[in-house]
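The structure under discussion appears below in the form of structure tokens.
The values are calculated or read from the model by the stated rules, or taken from the named source; none is laboratory data. All values derive from a computational prediction rather than experimental measurement. Neighbour counts are summed over all protein chains in view; Cβ atoms, including those assigned to glycine, are modelled from backbone coordinates with ideal geometry.
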Amino acid sequence: MSDPYRIWGAEISPYSIKVRSYFRYKGIPHEWIPRTAAVQAESMKYAKLPLIPIVATPEDEGMQDSTPIIEKVEARFPDPSIHPDDEALAFVSALVEEFGDEWGNKWMFHYRWAREADQDSAAERIAKSMMPDAEGEALSGMAGGIKARMVDRVWFVGSNERTAGQIEDSFQAAVGDLEAHLSQRAYLFGGRPAFGDFGLWGQFYNCLTDPTAGAILKERAPATVAWCERMLEPKAEGDFESWESLAPTLAPFLERYVGRLFLPWSDANAKALEGGVEEFEVELDGHPWDQKPQKYHARSLAKLRERYAGVTDKAALDPILEAADCKRWLG
Ligand SMILES: N[C@@H](CCC(=O)N[C@@H](CS)C(=O)NCC(=O)O)C(=O)O
């Protein structure tokens, strides 16, 4: 038997658990290695950027960035596929995956670092994950350093005094919409997990572990909490559904958060990077949004547009994207 894949990551990192959930679902032999201070140097041999997750293949090659990691591994282990056969649904699932990584992360990151109770909880868990044996002052000193650094970085995802209200209102509305959708099925696209589940779930699961966002989920969204728990070790329970059966509760989610928030934001962010501006402003669903451009996200929008261009028959897809106000941002 060949060596297993190795995944260095952390429970508190949405992109790490996303990749681990994928490997678990596919039944691909892998070793999960908690990224502690002690193994950091070893993991960095396989990394170009100081970010987790980091994956080493059985051939000892390094991989980073959760979306291409899953895409490369999926090409090697196509069964059971995480992509619906229906080309339109497969694109919508990829769009939700990207949405989770990019906009779902704003929800998660904002709630994690906006309030003292969440800051303390996350900083302590990160410190503990880096130094599992540390206690007392060593632990609290490290947690204090992490808290100061991260609170200072929350602006990075666009969270600030002007945007905080919109981030929180849209999260709470999205929880309601997701709940309506997930109370009818085990996964976002039916009886088995799709690409879109992995991306969105990593962020929501981490929200669930934080005091403030976790309380919102536990109070209002039992089916979403059950999905968060199910996705830790996802198993196929049935088939993907058709768009007709998903649409009543998935189409509103696509329109409200992907079409009205994420894609116009992503387009404005990419234009700001092209123009080399320090800060950009865009109106999102009637609210002003301002932030410094985020570099990585322009690449992911370009990839999404490439994926859209690659859909051979758009007859079923375009009406879905048009109705959700997504199409004009994609090509
Ligand atoms: N686009 C990357 C993002 C990875 C990322 O931002 N990872 C965060 C944790 S969730 C990180 O490593 N932050 C620095 C650290 O934890 O040392 C992916 O999808 O894998």
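When Lys295 is tested against (1) among the charged types (D, E, K, R); (2) within 16 Å of the ligand (Cβ to nearest atom); (3) in contact with a helix residue (DSSP H, G or I) (Cβ under 6 Å, 6 or more places away or on another chain), exactly one condition is not met: (3). Looking only at the stretch 152-163, residues that are part of a helix (DSSP H, G or I) and surrounded by 15 or more Cβ atoms within 10 Å (Cβ to Cβ) come to 2 in all. For the stretch 242-259, a residue qualifies if it is small (Gly, Ala, Ser), part of a helix (DSSP H, G or I) and out of contact with any Asp or Glu (no Cβ under 6 Å at 6 or more places or on another chain), and the qualifying residues are Ser245, Ala247, Ala251.
Among the candidates Arg260, Arg230, the residue that is over 30 Å from Lys26 (Cα atoms) and either in the same structural domain as Trp107 (by TED's automatic domain parsing) or β-branched (Val, Ile, Thr) (or both) is uniquely Arg260.
Scanning the stretch 53-64 for residues that are within 15 Å of the ligand (Cβ to nearest atom) and free of Cβ contacts under 8 Å to residues at least 40 places away in the same chain, we see that the one that is surrounded by the most Cβ atoms within 10 Å (Cβ to Cβ) is Met63. Met108 fulfils the conditions (1) within 13 Å of the ligand (Cβ to nearest atom); (2) free of Cβ contacts under 8 Å to residues at least 24 places away in the same chain except for a single criterion, (2). No other residue among Leu273, Leu321, Leu304 is under 20 Å from the mean Cα position of the chain (by Cα) and assigned to a helix (DSSP H, G or I) apart from Leu304. Looking at Ala38, Ala47, which is the one that is surrounded by fewer than 20 Cβ atoms within 10 Å (Cβ to Cβ), within 12 Å of the ligand (Cβ to nearest atom) and not assigned by TED's automatic domain parsing to the domain that holds Ala164? Answer to the selection: Ala47.
Scanning the stretch 1-35 for residues that are among the small types (Gly, Ala, Ser), near the ligand (Cβ under 9 Å from one of its atoms) and in a helix (DSSP H, G or I) yields a count of 1. For the stretch 276-297, a residue qualifies if it is surrounded by fewer than 18 Cβ atoms within 10 Å (Cβ to Cβ) and assigned to a helix (DSSP H, G or I), and the qualifying residues are Lys295, Tyr296.
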